[in-house]
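The values are calculated or read from the model by the stated rules, or taken from the named source; none is laboratory data. For clarity, every value in this text was computed on a predicted model and none was experimentally measured. Ideal geometry is used to build each Cβ from the backbone, glycine not excepted, and the neighbour counts take in all protein chains shown. The protein model used for the area step is the full one, side chains on, heavy atoms only, and it has no ligands, DNA or RNA in it. Shrake-Rupley method; radii C 1.70, N 1.55, O 1.52, S 1.80 Å.
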Amino acid sequence: MGATITTNSTAVDPSIAGKGYVHPEVLVSTDWLAEHLDDPNLRIIESDEDVLLYNTGHIPGAQKVDWHQDLNDPVLRDYVSSEQFEKLLREKGIDENTTVIFYGDKNNWWATYAFWVFQLFGFTNAKLLDGGRIKWQQESRPMNTDVPRFPKTNYKAPPRSDEKIRAFFQQVREHSASGKPLIDVRSPEEFTGQRTHMPDYPQEGTLRGGHIKGARSVPWARAANPDGSFKDANSLRAIYEQEKGLKKGDDIVAYCRIGERSSHTWFVLTYLLGYDRVRNYDGSWTEWGNAVRVPIEKGPDK
C-alpha cells in the first residue's frame, strides 16, 4: 500500500492552493515562510546535495541535516535506527507538535529525500518550501551563517516502517516481472545505458548501464520550473498521465541511482497528484546494475 497522507498542520498556503494539487498542505511558498520565520512552533531544515553549502549561508533559523551522516547508518546499507532518529530530532528541538519545513539545493532534490526518510518514521508534520534554496536566493531574501540552537525535546520515535513507501530488490524484481509501472527518473543517457552515472558526476561503481525491464523514463527535474518550484498539477498530469499513461490506482515504483532523485518523483506522485500506491526503490541502479543474473534493458523509452 502507499503512503498515508496525514499532517498535524493542515492550513493551506493560498498561493499553493491555486496550483491544483491534491495535497497542497505539504508545500509552503517563500512568502509564507518569510512571514513565519519567528514562529516558535516551526523548525526549518536545510538538506543539500552539497553538504558544505549550508555553512556559506542559509535561511535564518534553519538547521542542517546532512543526508549522509544524519540519515544513513554508518555501517549497514540502510537508514538510521529509531534510536538514532529520535536523538537527531531531540537535538534539533523537534517533537510531534513541531512543524518541520524542508528545503535545499537542486530543486529540493535532497530536501524531498530527507522528507521521505522522515516519513519512514511516521513523522507527518512536515512540509517542503516550494522552490527551495534557489527560489529563496533569486528573490534576494535574507540569508545568514548563524547556527541556531533550540531546547532539546523529549521526542519519542516509533519503530521505522518501510513497507508503505519503500521498495526492496526482490519486490522490484517481482514488480517488473508482473509488468507493473516502474518510473526511472534518471537522465535519458543513464536510462539508455549510454552512461552509468549522471552527466558531470563521477562514475560510482555501477558495472552495467541501462534500465529495469519495463521501466518508463521520466527524468525527475521535469516536474520542476526554472525557479525550482513544482509545476502545477495540470502540467504534472500531462507528463505522468497523458504522456506516460499512469493512473491513480496504479501500484508504482520509482527509482534512480540511490533513491535520492526518485524521492522527488515519489513526492510529486504521492502528494501533488494524490497517488496512494507509490514506493521509492532506494537500492536503485547501484544495486540493480551490479546484481548477478538480473535482467536489464538498454535503449530509449518504448
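Key figures for this structure:
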| read-out | value |
| --- | --- |
| Cα-projected label distance for Glu91 with Arg293, points at 7 Å along beta-carbon direction, nm | 4.4 |
| Sequence-distant aspartates and glutamates (8 or more away, or on other chains) whose Cα lies within less than 15 Å of Lys248 | Asp276 |
| Peptides 185-192, 264-271 ordered by average Cβ neighbours within 10 Å, highest first | 264-271, 185-192 |
| Amide H contacts under 5 Å for Trp67, placed H, 5+ residues apart | Asp48 |
| Calculated P(r) of the chain - Cα pairs past 26 Å, % | 43 |
| Directionally averaged shadow of segment 93-141, computed from the convex hull of its alpha-carbon atoms, nm² | 3.7 |
| Peptide ranges 155-165, 93-103, 273-283 listed from the most packed, as the mean C-beta count within 10 angstrom indicates | 273-283, 93-103, 155-165 |
| Along principal axes, Cα extents of segment 255-302, largest first, whole Å | 36, 24, 17 |
| Violating pairs (Cα-Cα greater than 29 angstrom) within the set Lys156/Lys247; Lys127/Lys302; Lys180/Lys231; Lys64/Lys180 | Lys156/Lys247; Lys127/Lys302; Lys64/Lys180 |
| Ratio of the Cα radius of gyration of segment 200-302 to 2.2 N^0.38 Å, where N counts its residues | 1.11 |
| Tail fraction, Cα-Cα pairs, segment 40-193, threshold 27 Å, whole percent | 30 |
| Ellipsoid semi-axes in whole angstrom, largest first, where each is sqrt(5λ) of the Cα gyration tensor of segment 52-115 | 20, 16, 11 |
| Percentage relative contact order, the chain, counting C-alpha pairs under 8 Å, at least six apart | 22 |
| Percent of beta bridges antiparallel (DSSP, the chain, rounded to nearest 5) | 15 |
| Cβ-Cβ FRET estimate between Thr145 and Asp73, R0 fixed at 25 Å, reported to 0.05 | 0.25 |
| Charge dipole (debye, nearest 20) of segment 95-191; +1 at Cβ of Lys and Arg, -1 at Cβ of Asp and Glu | 220 |
| Sites Lys244 and Ser161, calculated FRET efficiency, Cβ-Cβ separation with R0 41 Å, nearest 0.05 | 0.90 |
| Helix-only CD estimate at 222 nm, as mean residue ellipticity for the chain, using -39500 (n - 2.57) per DSSP H run (n ≥ 4) | -6000 deg cm²/dmol |
| Which of Arg257, Arg90 is most accessible, then next, and so on - probe 1.4 Å | Arg90, Arg257 |
| Candidates Gly61, Gly289, Gly20, ranked by Gaussian network fluctuation over the chain, Cα under 10 Å, top entry | Gly20 |
| Value of Rg to Rh for segment 146-276 (Rh from inverse mean 1/r over Cα pairs, i.e. Kirkwood) | 1.03 |
| Rg over Rh [alpha-carbon atoms, Kirkwood Rh] for segment 31-73 | 1.03 |
| Whole-Hz couplings from phi, Karplus 6.51/-1.76/1.60, listed for segment 45-54; x for Gly and Pro | 10, 9, 9, 10, 5, 7, 6, 8, 5, 3 |
| Phi to ³J(HN,Hα) by Karplus 6.51 cos²θ - 1.76 cosθ + 1.60 over segment 116-125, Hz, x for Gly, Pro | 4, 4, 4, 5, 4, 9, x, 7, 9, 7 |
| Ser82 paired with Lys152, simple spin-label distance in nm, labels 7 Å along Cα-to-beta-carbon | 2.0 |
